[in-house]
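Here is the structure we will look at, set down as structure tokens.
The values are calculated or read from the model by the stated rules, or taken from the named source; none is laboratory data. It should be emphasised that the depicted structure is a prediction, and the values quoted were computed from it without experimental measurement. Cβ sites come from the backbone with ideal geometry, for glycine too, and all protein chains shown count toward neighbours.
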Amino acid sequence: MADTKQPEVAEHYKDPASTTKAPVIVETKMRQSRMTGALLAENPRPFRKSFLKLYLYIFVGYLYSATNGFDANTFGGLTAIPTFIDYFGITATNEGLVAALYVIGNIAGFFFAGPYADMYGRRIGIAIGSAIYILGVVLQAASISLGDL
């Protein structure tokens, strides 16, 4: 976690007891934060192999987040299409629930995904999650009524 604390400022006055009319010189030294100290000590190279691997992992997480939001928003946007509303019988009372079911399914799955992946491995957890996701897409594509959605 990043050090959000502001660095402290230490002021040192040169010879404050002096009776001369010379101007008082103020030196201001800022103490380094731990993050700044670590960066100066290690001098990380942003394109080294371990950082590129980290960037790849972050990018995969970003893609998941982007597609997850895209799916939820696309399905929510379908309720603005008159043929979709007429075909499935979407009303003002059930429109919010229809749009929120995708997110509700994600919330329900997250209670099982973590413990299951810890027991059987992340790779198997991702494979099973993807299979469930594909099954859901097939069921939605083949749906003919609001109950099927």
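Values as computed for the structure displayed
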{"quantity": "In the stretch 93-117, the residues that are farther than 18 Å from Ile128 by Cα and touching a residue at least 24 places away in the same chain (Cβ under 8 Å)", "calculated": "Asn94, Val98, Ala99, Leu101, Val103"}
{"quantity": "Matching residues, the stretch 47-64, being of a type in the set (Lys, Arg) and assigned to a loop (DSSP other than H, G, I, E, B)", "calculated": "Arg48"}
{"quantity": "Residues that are exposed (fewer than 14 other Cβ atoms within 10 Å of the Cβ) and not acidic (Asp, Glu), drawn from the stretch 110-120", "calculated": "Phe110, Phe111, Phe112, Gly114, Pro115, Met119, Tyr120"}
{"quantity": "Filter result for Tyr62 (modelled with pLDDT of 70 or more and under 25 Å from the mean Cα position of the chain (by Cα))", "calculated": "yes"}
{"quantity": "Residue within the stretch 84-100 that is under 23 Å from the mean Cα position of the chain (by Cα), under 21 Å from Ser65 (Cα atoms) and of a type outside the set (Ser, Thr, Tyr) present", "calculated": "yes"}
{"quantity": "Candidate set: the stretch 44-83, residues that are among the polar types (S, T, N, Q) and surrounded by 10 or more Cβ atoms within 10 Å (Cβ to Cβ); chosen: the one nearest to Leu97 (Cα to Cα)", "calculated": "Thr79"}
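Listed here are the residues, each with its yes/no results for (1) among the aliphatic types (A, V, I, L, M); (2) modelled with pLDDT under 85; (3) within 21 Å of Val60 (Cα to Cα); (4) outside the structural domain of Ser65 (by TED's automatic domain parsing).
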position	(1), (2), (3), (4)
Gly77	no, yes, no, no
Ala92	yes, yes, no, no
Tyr102	no, yes, yes, no
Phe110	no, yes, yes, no
Gly114	no, yes, yes, no
Tyr120	no, no, no, no
Ile124	yes, no, yes, no
Leu135	yes, no, no, no
Leu146	yes, yes, no, yes
